[in-house]
1. I'm trying to understand the selection: among the residues of region 196-229, which are over 16 Å from PRO145 (Cβ atoms), buried (at least 24 other Cβ atoms within 10 Å of the Cβ) and among the hydroxyl-bearing types (Ser, Thr, Tyr)?
2. Just give me the residues in region 97-126 being assigned to a helix (DSSP H, G or I) and closer than 20 Å to ILE203 by Cα, in sequence order.
3. When you look at GLY30, is it at pLDDT 65 or above, under 17 Å from the mean Cα position of the chain (by Cα), farther than 28 Å from LEU91 by Cα and among the small types (Gly, Ala, Ser), yes or no?
4. Counting only residues that are out of contact with any Gly (no Cβ under 9 Å at 6 or more places or on another chain) and surrounded by fewer than 20 Cβ atoms within 10 Å (Cβ to Cβ), which one in region 35-48 is farthest from ILE245 (Cα to Cα)?
5. Quick check, is ARG54 under 20 Å from the mean Cα position of the chain (by Cα), modelled with pLDDT of 90 or more and buried (at least 19 other Cβ atoms within 10 Å of the Cβ)?
6. From the list ARG233, ARG246, which residue is part of a loop (DSSP other than H, G, I, E, B) and either out of contact with any Asp or Glu (no Cβ under 7 Å at 6 or more places or on another chain) or modelled with pLDDT under 90 (or both)?
7. Mind counting the residues in region 230-245 that are among the basic types (Lys, Arg) and surrounded by fewer than 16 Cβ atoms within 10 Å (Cβ to Cβ)?
8. Condition first: under 18 Å from the mean Cα position of the chain (by Cα), more than 18 Å from ILE135 (Cβ to Cβ) and of a type in the set (Val, Ile, Thr). Now tell me which residues in region 71-105 satisfy that.
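The values are calculated or read from the model by the stated rules, or taken from the named source; none is laboratory data. Note that this is a predicted model, so its numbers are computed, not measured. FYI the Cβ positions are ideal-geometry reconstructions off the backbone, even for glycines, and counts take in every protein chain you see.
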Amino acid sequence: MTTRRRVKSCSRLARSRRLTETKHRGCIAGVIASSTDLNAAIVLKDLPDLFELRLDSLFPITNHLEKKIARLRAPLIITARDPREGGTGNLSRETRRSLLRRFLPRASCLDVELRNAHHVKSLLADAKKRRVRRILSYHNFKSTPSSRSLCAKARQANALGADIFKVATRTDSPAELARLVDFIMCCSGKRHSGSERVGRVQIAVMGIGKFGTISRLLLARCGSVLNYAHLGRARVTGQPSVSEIRRWALDVER
């Protein structure tokens with residue numbers, strides 16, 4: 001599959017409920033979390049499939065972002081992360097919700113934490129009306145729960161109407177990485193009984209920490225639909241760059 005076809009497939013997020021899987025690497029989401037990232041994204045020649053706007057990190061330059069956002073030439077994921085799951089600025093729930101509503105008309109995807117889904121029901125409903133894909137996410141920077149626990153969360157996300165369930169957890173040991181692999185295989189029905197299947201929700205899963213980088217390559221090959229990358233400086237340990245993910249896919253295809 002050519003790079004142009006991959007980008008076209010991932011860009012269908014704005015029009016179709018399901019993300020078209022991209023061989024070997026998932027769809028690349030370049031993370032914009034600072035003014036430096038924003039400037040880099042605007043001039044980037046080889047675009048990722050999507051950009052993620054970390055509105056919690058970008059809060060101090062919100063007005064500047066609003067003026068520049070039209071110059072971003074890829075579909076947008078918007079999120080305003082809860083401080084309990086790695087959000088910056090210690091923003092209140094109401095401030096985060098206001099940011100998401102402000103930028104929703106520009107978004108192709110809306111990402112909110114699974115734990116907060118019941119607090120933003122009207123926002124999620126508005127996203128559905130606008131045909132904005134809904135990502136419900138779970139972040140754990142201390143450990144990786146059991147695959148069975150993650151499958152239960154995925155079923156919860158599916159029941160809440162999520163299009164994608166995103167998981168990012170600590171992978172400092174082979175055992176933690178193995179749990180993420182087992183989780184995504186269970187979700188696809190490739191391991192254990194059919195009771196492990198979680199419905200129609202798609203899965204994006206990645207590790208953080210010592211085995212973070214290899215987890216993203218491995219889990220993309222297992223079917224993770226999104227692969228998050230930095231535009232110059234990693235925000236978490238193990239986060240690869242956009243160019244690194246592209247090289248992985250090329251190496252596998254040769």
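1. Answer for region 196-229, where residues must be over 16 Å from PRO145 (Cβ atoms), buried (at least 24 other Cβ atoms within 10 Å of the Cβ) and among the hydroxyl-bearing types (Ser, Thr, Tyr): SER224, TYR228.
2. LEU114, ARG115, ASN116, ALA117, LEU124, listed by residue number.
3. No; evaluated as a whole, the condition is false for this residue.
4. It comes out as SER35.
5. Yes; evaluated as a whole, the condition is true for this residue.
6. ARG233
7. The qualifying residues number 1.
8. Of everything in region 71-105, just one residue is under 18 Å from the mean Cα position of the chain (by Cα), more than 18 Å from ILE135 (Cβ to Cβ) and of a type in the set (Val, Ile, Thr), namely THR88.
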